[in-house]
Amino acid sequence: MVEQLLNISAIIILISVLLSLYRFIKGPTSFDRIAAFDTMTISTIGLIGIISYLSGRIIYIDIAIVYGLLSFLGVIIISKYLEKSL
C-alpha cells in the first residue's frame, strides 16, 4: 500500500517538474524562471527522497540535502545578480 502511494506521488511530482520546466522555458520574465527553477529543485528533492525510500538506500538522502543547499545558493546568487547588487 505504501509503495503504491509513493509511486502515485512520484508521478505527481514528475508532472509538477514538467510544468515547472514549461514555465522555466516560456517564462515571460527572468523572475518567473527563477521561481520555476526553485520549484523544480524542490520537487526533485522530494523525488530523490521517494527514490531513497523505495530503493532502501539512505545515502540518497545525503545527496538530496547537498542538492538542496546548492540549489538554495544558486537561487540566491542569481537573484542578487539580477538585482544588480552582486
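Read-outs throughout are calculated quantities, based only on the coordinates presented, and are distinct from any laboratory measurement. Since this is a predicted model, take the numbers as computed values, not measurements. With ideal geometry, Cβ positions are generated from the backbone for all residues, glycine too; neighbour counts draw on all protein chains shown.
By how many degrees, between 0 and 90 and to the nearest 10, does the Cα long axis of helix 59-82 differ from the longest principal axis of the chain? Result, in degrees: 10. Over every Cα atom in segment 2-82, the radius of gyration and the widest Cα-Cα span, Dmax, amount to 14.1, 43 Å.
Placing R0 at 25 angstrom, the Cβ-Cβ distance between LYS84 and TYR22 gives a FRET efficiency of 0.35 after rounding to 0.05. Extension gain, TYR53 to LEU6: 0.36 nm times the residue separation minus the Cα-Cα distance gives 16.0 nm. Its Cα gyration tensor gives segment 46-86 an equivalent ellipsoid; the semi-axes, largest first and in whole Å, are 31, 8, 4.
In units of 2.2 N^0.38 Å, what is the alpha-carbon radius of gyration of segment 20-64? Output field value: 1.44.
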